[in-house]
Amino acid sequence: MEALATRAWQAVVGLYAGLRVTFRALVGRKNTVMYPLEKVNVAPRWHGLLALPVDPETGSDKCIICFQCERVCPDRCIHIEAGGKGKDRLLTRFDIEMDKCCYCGLCVEVCPTEAIVFVPHYETSTYNRANLVYDLADLRRAAPKEPIARGVIAMRGRP
Amino acid sequence: MLNMGPQHPSTHGVLRLVVTLDGENIVDVVPDIGYLHSSVEKMMEYRTYLQNVALTDRGMDYLTALANEEGYLLAVERVGRIEVPPRARYLRTIMLELQRLSSHLVWLGTWGIDLGATTVFLYCFRERERILDLFEQATGGRLHHVYFRPGGVYEDLPDGWTDRVLAFCDEFVARVDEYHELLTGNPIFLARVQGVGVLPRDRAIAMGACGPVARASGVDFDVRRAFPYEAYGELAFDVPVFQEGDCFARYRVRMEEMRQSVRIIQQAIAKLPAGEIRAKVQVNVKLPRGEAYARTESPRGDLGVYLVSEGGDMPYRVKIRAPSFSNLYALTEMMRGWKVADVIAILGSVDIVLSDVDR
């Protein structure tokens, strides 16, 4: 009988201690965000969407078509083709298959001219897998409008 | 005979347990693994050393991406004789301990759910979310960081990051007390874990248990202390050891480890030296012919990577000694003689991650 009373008392104390924590959390600061209605600001270094910023001085891509990002990509999701000779060498194709991309950031790291950067954008889901192949126009559109340091840019709206 | 899994919510992944029963008593447990096999070791042979860093993140233990990177890169740096600058060593130590906190929080939360204490999960994930935010600010990734590089780390810390980490550390110590209030004082929780699933010291050693599981059985061994890597040799921390070997001891070891991790982070930030964050090596590093074994203490235990290089930029062979794998095989010893209801409590207390078991 006495053992039972001790155990009942322990249960009451344990329950009280636990519920105290619960009530403290109940009146404390809210930790959740009503997501689709409220947006979250991700960190500037966020590995989000890849983008090709356009050089504001020349008005053309910063890419020098060295194929380093294509080579370093572990998932081989970057496809580059170029036409023209010498100074007229131009990007004709720069496709990134974002469905294959593992967001490792190695392409951003090896790029010698900071021509490929991460944009802190996180709403990239779509109903069709074909929409995840981003071509040159998409990647330019995703790019921030101002020159940026590598991977460090302010939060932007949807591209 | 009872089949548990492979799609059972409390197996924390895809694990099948073939439980032989006598009434309600467990006679034998045979874990059937391989459902999450991703052949990381073979894939590594076809990727460069730099690309493999991205692979270790997701192919191995997905909750402790940085600990995997550390184990792999330690082997790479030993083969290549790459000297890591002091600042990078401290940065890695801070990141590894934050990773240990986040991993233990997932374990505590999910184990709480397994045992019916659903609220703990919410509190643990609240703190984990803050750690992931800190990771996001520093590395750009929340789970898969690809932050460590051969010879250092990728980027230096953003402004004010260390202050945010210190503020979090102060708050977190109080949170650990909160978890103790929720669980340690709860008689229902104690009844389910205290004295349950005892793994004696000699069996723990014989089955190759490592990490918190071994330390809960009285094996006083921690790779961070026995073979210091990165900055651990210069920092003071205690290694919690308990003699009981039951689920409650494994719980207490991890709770105490969280406190020690906070201590390590605080010391490492106080001592954080200035200077280079990356050794002067090629980005796409090429290694000479050679082989090395690197041993690290991942949150789950003793993570070893054996790397053989034949020269060039790809490894010839990588062998990963996964801590979850050896701990999973100590499971049979723990479960024998207990009741069906204890299976989940014991399995949760081992803290396995199936992608680490199968690799």
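Any read-out appearing in this document is the output of simple, stated calculations on the displayed coordinates, not a laboratory observation. Since this is a predicted model, take the numbers as computed values, not measurements. When we count neighbours, we look across all protein chains shown, and the Cβ atoms used for this are built from the backbone with ideal geometry, even at glycine.
Results, tabulated for the structure shown:
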{"item": "Spacing of the two label points (7 Å from each Cα toward its C-beta) at residue B:191 and residue B:306, in nm", "result": "4.8"}
{"item": "Residue of B:71, B:140, B:275 that the Gaussian network model of chain B assigns the largest fluctuation, springs spanning Cα pairs under 10 Å", "result": "B:275"}
{"item": "Gaussian network model of chain B, springs between alpha carbon atoms under 10 Å - residue of B:186, B:327, B:68 with greatest fluctuation", "result": "B:186"}
{"item": "Among B:190, B:209, B:242 the positive-end extreme of the charge dipole of the stretch B:190-244 (Cβ point charges)", "result": "B:190"}
{"item": "Farthest positive-ward along the stretch B:78-172 dipole, Cα basis, beta-carbon charges - from B:95, B:80, B:108", "result": "B:80"}
{"item": "Additional length obtainable on full extension of the chain from residue B:170 to residue B:336, 0.36 nm per residue less Cα span", "result": "55.6 nm"}
{"item": "Rg [Å, one decimal], Dmax [Å, integer] - the stretch A:22-78, C-alpha atoms", "result": "20.7, 60"}
{"item": "Residue exposure sequence - A:79, B:8 - by fewest surrounding Cβ within 10 Å", "result": "A:79, B:8"}
{"item": "Cβ-placed point charges (K, R +1; D, E -1), dipole of chain B about Cα centre in debye, nearest 20", "result": "720"}
{"item": "Exposed-site-free run, longest, chain A (rule: GluC sites (Glu not before Pro); DSSP loop; at most 11 other C-beta within 10 Å)", "result": "A:58-122"}
{"item": "The stretch B:54-208, relative contact order in percent, only Cα pairs under 8 angstrom and at least six apart counted", "result": "24"}
{"item": "Length-normalised contact order for chain B - Cα pairs under 8 Å, 6+ apart - percent", "result": "28"}
{"item": "11 Å beta-carbon shell around residue B:271, net charge (K/R +1, D/E -1)", "result": "+1"}
{"item": "Cα-projected label distance for residue B:22 with residue A:95, points at 7 Å along beta-carbon direction, nm", "result": "6.4"}
{"item": "Charge context of residue A:45, other residues only, Cβ under 9 angstrom, K/R +1, D/E -1", "result": "-2"}
{"item": "Contour excess over end-to-end distance, with Cα ends at residue B:143 and residue B:284 and 0.36 nm allotted per residue", "result": "48.4 nm"}
{"item": "The protein assembly as shown, helix-only ellipticity at 222 nm - DSSP H runs n ≥ 4, -39,500 (n - 2.57), divided by all residues, nearest 500", "result": "-13000 deg cm²/dmol"}
{"item": "Estimated FRET transfer efficiency (residue B:271, residue A:126; beta-carbon r; R0 45 Å; 0.05)", "result": "0.45"}
{"item": "Net charge of neighbours whose Cβ lies under 13 Å from the Cβ of residue B:180, counting Lys and Arg as +1 and Asp and Glu as -1", "result": "+1"}
{"item": "Listed residues B:253, B:198, B:173, most fluctuating in chain B (Gaussian network, C-alpha, under 10 Å)", "result": "B:173"}
{"item": "Selection of chymotrypsin sites (Phe, Trp or Tyr not before Pro), the stretch A:98-142, meeting DSSP coil and at most 10 other Cβ within 10 Å", "result": "A:127"}
{"item": "Helix A:2-27 axis, angle to chain A major axis (alpha carbon atoms, nearest 10°)", "result": "40"}
{"item": "Whole-Å semi-axes of the ellipsoid equivalent to the protein assembly as shown (Cα gyration tensor, √5λ, descending)", "result": "43, 26, 22"}
{"item": "Value of relative contact order over the stretch B:21-124, rounded to a whole percent, pairs C-alpha under 8 Å and six or more apart", "result": "16"}
{"item": "Lysines with Cα under 26 Å of residue B:42, excluding same-chain neighbours fewer than 8 positions away", "result": "A:100, B:286, B:319"}
{"item": "Label-point separation in nm, residue A:16 to residue A:76, each point 7 Å along Cα→Cβ", "result": "6.7"}
{"item": "Positive dipole terminus of chain A, leading residue within A:56, A:10, A:139 (C-beta point charges)", "result": "A:10"}
{"item": "Sparse-neighbourhood loop sites, GluC sites (Glu not before Pro) in the stretch B:1-105 - DSSP loop, at most 14 other Cβ within 10 angstrom", "result": "B:24, B:45, B:83"}
{"item": "Convex hull volume per residue for the stretch B:244-333, taking Cα atoms only, in Å³", "result": "134"}
